[in-house]
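A.B. asks: Mind looking over this structure? Questions follow.
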Amino acid sequence: MRTPVAYYLIVSGILFMLGTIGVLTRKNALLIFMSVELQLNAVNLSLVAFSRLHDDLTGQVLAFFSMVVAAAEVVVGLAIIVAIYRRRRSVDVDDVRELRW
Amino acid sequence: MVSQHSGLLWLLPALPLLGAVINLFFGERLGRYAGWLASALVIASFGVALALMSQLLAKPADDRLFLEHLFSWIDVGRFHVGADLRLDDLSMTMVLVVTGIGALIHVYAIGYMADDPRYGRFFAYMNLFVFFMLMLVLGANYLVLYLGWEGVGLCSYLLIGFWSEVPANAEAAKKAFITTRIGDTLMLVGLALIVFRFGTLDFEVVFGTAGSVLTKDAATVIALLLFAGAIGKSAQVPLHVWLPDAMAGPTPVSALIHAATMVTAGVYLVVRSHVLFELSGVALTVVLVVGLVTAIFAATCAIAQQDIKRVLAYSTISQLGFMFMAVGMRAYAVAIFFLVAHAFYKALMFLGAGSVIHGMHDEQDMRQMGGLRRLMPITFVTFLIGALAQAGVPPLAGFFAKDAVLEVAQHTDRTAVYLLGSLGAFLSAFYLGRMLFLTFFREPRSDAARTAHESPPVMWVPLAILGFGVATAGWLNLTPEGRLAGFLQDVTGFGPGGNGLGTFELAGIAVVLSLTALVVTWWIYGSGRVDWQALREGLEPFPRAALRGWDVDRAYDTVVIQPAKAGAWITAYVVDARIIDGSVNAIGAGVRRLADRGRLIQTGFVRSYALVLFLGAVGILVYVGVRL
């Protein structure tokens with residue numbers, strides 16, 4: 001008996017919302033970053049779920065792509081955060097607001 | 001006509017050009033020799049002209065033509081213009097005048113300009129002028145003619161403003177250039193029309209096929225446009241205003257450019273293009289009327305002038321009017337004869353005036369002169385010959401020339417032209433007598449006049465040669481058909497004949513008129529029995545108005561120059577500054593204001609960006625969902 005695809009989507013949706021709330025409410029850059037990862041993984045989960053629903057591997061391939069891109073993005077993103085931390089001894093995104101107007 | 005090649009033709013303009021180049025680059029180092037070099041080259045050119053003349057005369061009368069193709073100038077599609085020279089009877093006559101009188105004036109200028117710091121440059125310009133003038137008269141098509149036409153205009157500008165330290169001289173140069181430019185531009189339009197109609201500018205083709213190519217109206221338009229160029233160059237009414245001011249140049253320049261040669265280029269142009277003018281008919285009438293009006297108008301101005309050179313300037317304008325009168329009556333040979341005679345006596349009088357000015361230490365006002373005949377005998381005698389010639393005293397050249405014009409008028413039943421022409425002749429005798437008596441007779445009226453000295457031989461020898469020429473040039477046209485007329489017949493055809501008073505009766509009337517004028521002027525200015533200054537006062541305001549050329553300058557200032565300046569001011573400070581610049585600036589300011597508002601959405605808060613991103617994603621999702 002297969003688990004209905006709706007369950008996966010509900011979990012995926014919950015994860016995505018958690019991630020979104022994290023991005024919107026957190027001040028710490030690292031935590032925002034982790035929340036973004038959560039959103040990405042929520043999307044990966046729904047991709048895999050749909051893949052199975054349609055018996056089509058494209059979705060899983062896309063999920064792998066997404067993970068690889070996420071890994072690359074983490075490298076760049078963390079590097080930026082480390083650089084900001086070294087300069088300012090803080091990773092609070094509200095402090096980093098010079099580039100406006 | 002079988003055209004023949006003469007190896008000498010290119011030398012004619014090449015020699016003065018060489019002189020111009022050498023003097024332009026090495027004139028400073030040549031020092032005093034610059035003038036001699038320039039003169040020698042023009043004399044050499046005159047020698048070449050004489051050689052060509054003998055070659056030309058050796059040929060049968062219907063084949064007197066040399067053509068020389070120097071190089072292909074413009075070669076585009078079916079439009080070809082060559083740098084072609086053409087020597088026929090008409091250009092031969094002009095070449096002899098330009099190089100012959102030009103050479104004498106060059107020699108004279110050696111003395112006249114001796115103390116000038118820019119001696120070399122002066123002769124470079126003079127040689128350049130002779131080069132362009134020769135190109136003008138030798139061109140075998142309208143483009144070469146136009147090259148010379150503009151070239152002499154340039155040299156005229158450079159030489160009028162030669163002493164440009166004085167702002168008035170630079171102003172006069174600008175005025176001359178711009179005024180003639182008006183005519184030149186119209187002439188250029190005429191040339192464009194010729195290209196448009198004929199597909200070529202070659203004289204041979206244009207005149208040969210004009211009858212079949214042009215309608216009467218087209219011929220009128222082209223002829224009048226060409227005549228507009230002639231009006232500008234030859235200082236006819238209404239574009240005459242530049243010539244009196246052109247006297248700001250050194251006197252040899254006035255003699256060469258503004259009396260003997262350049263200003264007669266307009267006459268040459270009309271005579272050269274007479275086929276077009278005859279096709280039109282109307283154009284010839286216009287030429288006649290303009291010539292007549294100019295002849296009378298300028299003569300009235302000349303009577304009131306105080307500056308000896310300005311008298312001569314107005315006199316030149318008036319005499320050019322006589323030439324155009326002759327042209328307008330189809331008497332082309334008479335016009336050219338007049339041109340030759342005028343070149344002699346007007347160059348002579350200008351050089352004489354220059355000698356007076358030189359002797360008077362740069363004083364040009366005749367009121368300061370008087371009694372110069374004892375101190376400057378040679379100048380006096382030669383000047384007297386020139387003045388009597390123009391006044392029409394036989395047997396000097398001017399008598400025959402002027403008489404020929406009046407005779408044509410009388411013989412073709414143009415009574416009004418004859419009477420007005422006689423009036424013009426009377427007036428010219430009058431102003432010449434006035435100038436003569438004021439300058440050379442009675443007692444000196446200033447210290448400069450008491451201490452005046454005769455000019456050096458380098459100046460009076462050319463005067464003497466010219467005086468001899470003036471005395472004898474009349475014989476050129478003495479026989480009934482005229483030697484010069486016969487020589488020119490191949491180009492101009494015979495002038496109109498007809499019946500009227502006999503030649504001797506007409507000559508008698510003309511001589512009586514001239515002598516009357518001279519006697520009257522002697523009585524007023526020479527006898528001491530009339531207080532001529534009080535007389536002048538009594539006639540005000542006419543003398544003052546005539547002195548200013550009947551205020552044509554002021555009229556132009558009011559009607560043309562001030563409105564043009566106002567228009568330029570509006571364009572510069574309203575249209576350009578307010579409207580064009582204003583709209584550009586307004587667009588810039590508007591973008592800036594918009595950006596000032598718009599950039600405030602950049603708060604710098606990362607989370608608000610994320611929220612917008614999120615809301616956007618939701619919005620797209622909702623949109624897609626609704627669509628489904």
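The values are calculated or read from the model by the stated rules, or taken from the named source; none is laboratory data. Quick caveat, the model's predicted, so the values are computed rather than measured. Ideal geometry is used to build each Cβ from the backbone, glycine not excepted, and the neighbour counts take in all protein chains shown. With ligands, DNA and RNA removed, areas are computed over all heavy atoms of the protein, side chains included. Shrake-Rupley method; radii C 1.70, N 1.55, O 1.52, S 1.80 Å.
A.B. asks: If we count every other residue with Cβ under 10 angstrom of B:GLU204's Cβ, Lys/Arg +1 and Asp/Glu -1, where does the sum land?
C.D. replies: With Lys, Arg at +1 and Asp, Glu at -1, the net is -1.
A.B. asks: Among the listed pairs B:LYS233/B:LYS565; B:LYS174/B:LYS309; B:LYS233/B:LYS309; B:LYS59/B:LYS346, give every one whose C-alpha distance is greater than 22 Å.
C.D. replies: Flagged as over cut-off: B:LYS233/B:LYS565; B:LYS59/B:LYS346.
A.B. asks: Under the classification rounded if a/c is under 1.5, otherwise prolate if a/b is larger than b/c and oblate if not, where does segment B:532-616 fall, given a ≥ b ≥ c as square roots of the Cα gyration tensor eigenvalues?
C.D. replies: In terms of gyration-tensor shape, prolate.
A.B. asks: Further, regarding this structure: Considering only C-alpha atoms, what is the centroid distance from segment B:88-165 to segment B:192-261, in Å?
C.D. replies: If you average the Cα positions of each part, the centres end up 18 Å apart.
A.B. asks: Under 1.5 on a/c is rounded, so check that first for segment B:77-198, then, if it is not, pick prolate when a/b is larger than b/c and oblate when it is not; a ≥ b ≥ c are the square roots of the alpha carbon gyration tensor eigenvalues.
C.D. replies: oblate
A.B. asks: Relative to the Cα centre, what is the charge dipole magnitude of chain B, using +1 at the beta carbon of each Lys and Arg, -1 at the beta carbon of each Asp and Glu, and rounding to the nearest 20 debye?
C.D. replies: Here the size comes out at about 1720 debye.
A.B. asks: Another question about this same structure. Any idea what log10 I(q)/I(0) is at q = 0.12, 0.21, 0.24 Å⁻¹ for segment A:5-89, Debye with uniform C-alpha scatterers and no solvent?
C.D. replies: The calculated log intensity ratios at q = 0.12, 0.21, 0.24 Å⁻¹ are -0.43, -0.96, -1.10.
A.B. asks: Same structure again: Do the sum for chain B: with -39,500 (n - 2.57) for every DSSP H run of n ≥ 4, divided by all residues, what is the mean residue ellipticity at 222 nm, to the nearest 500 deg cm²/dmol?
C.D. replies: Estimated from H runs of four or more residues: -23000 deg cm²/dmol.
A.B. asks: Can you tell me how segment B:1-96 classifies by the Cα gyration tensor, rounded, prolate or oblate, using a/c under 1.5 as the rounded cut?
C.D. replies: Note, shape of segment B:1-96 comes out oblate.
A.B. asks: At what distance in nm do the modelled label points of B:LYS59 and B:ASP413 sit from each other, each positioned 7 Å from its Cα along Cα→Cβ?
C.D. replies: The modelled label-to-label distance comes out at 4.0 nm.
A.B. asks: Still on this model: At B:ILE601 and B:PHE25, where each label point lies 7 Å from the Cα along Cα→Cβ, what is the point-to-point distance in nanometres?
C.D. replies: My value for the distance between the label points is 7.0 nm.
A.B. asks: Residue by residue, what Karplus-based ³J(HN,Hα) values in Hz, rounded to whole numbers, does segment B:352-368 have, using 6.51, -1.76 and 1.60 with θ = phi - 60° and x for Gly and Pro?
C.D. replies: Result, ordered by residue: x, 4, x, 4, 4, 4, 4, x, 8, 6, 6, 8, 10, 7, 5, 5, 8 Hz.
A.B. asks: Right, next: Quote the FRET efficiency, to the nearest 0.05, computed for B:PHE468 versus B:HIS80 with a Förster distance R0 of 35 Å and r equal to the Cβ-Cβ distance.
C.D. replies: About 0.15, to the nearest 0.05.
A.B. asks: Could you give log10 I(q)/I(0) at q = 0.16, 0.27, 0.31 Å⁻¹ for segment B:208-262, computed by the Debye formula over C-alpha point scatterers of equal weight, without solvent?
C.D. replies: Scattering profile of segment B:208-262, log10 relative to I(0): -0.61, -1.02, -1.15.
A.B. asks: I'd like the Karplus ³J(HN,Hα) series for segment B:434-446: coefficients 6.51, -1.76, 1.60, θ = phi - 60°, whole numbers in Hz, and an x wherever there's a Gly or Pro.
C.D. replies: 4, 4, 4, 6, 5, 7, 10, 10, 6, 8, x, 9, 7
A.B. asks: How big is D for chain B, in µm² s⁻¹ as a whole number, if Stokes-Einstein is applied with the Kirkwood radius of its Cα pairs at 4 °C and 1.567 mPa s?
C.D. replies: Reported coefficient: 49 µm²/s.
A.B. asks: So, one more: What whole-number distance in Å separates the alpha-carbon centres of segment A:14-83 and segment B:20-79?
C.D. replies: Taking the Cα centre of each part, segment A:14-83 and segment B:20-79 sit 94 Å apart.
A.B. asks: Hey, what's the protein assembly as shown come to in accessible area per residue, 1.4 Å probe, Å²?
C.D. replies: Per-residue value: 45 Å².
A.B. asks: Considering every residue in B:613-619, what mean count of other chain Cβ atoms within 10 Å of its Cβ is obtained?
C.D. replies: Per residue, the average neighbour count from other chains is 1.
A.B. asks: Related question: Among B:381-393, A:53-65, how do they line up by average Cβ neighbours within 10 Å per residue, starting with the highest?
C.D. replies: B:381-393, A:53-65
A.B. asks: Which number do you get for Rg(Cα) / (2.2 N^0.38 Å) in the protein assembly as shown?
C.D. replies: 1.59
A.B. asks: Counting Lys +1, Arg +1, Asp -1, Glu -1, what net charge surrounds B:HIS69 among other residues with beta carbon under 12 Å of its beta carbon?
C.D. replies: Taking every Cβ under 12 Å from that of B:HIS69, the sum is -2.
A.B. asks: Whole Å is fine, so just give me how far the alpha carbon centre of segment B:310-381 lies from that of segment B:570-628.
C.D. replies: Each part reduced to its Cα centre gives a spacing of 78 Å.
A.B. asks: At a Förster radius of 22 Å, what calculated FRET efficiency corresponds to the Cβ-Cβ distance of A:LEU9 and A:VAL69, to the nearest 0.05?
C.D. replies: Once the sixth-power term is evaluated, E becomes 0.50.
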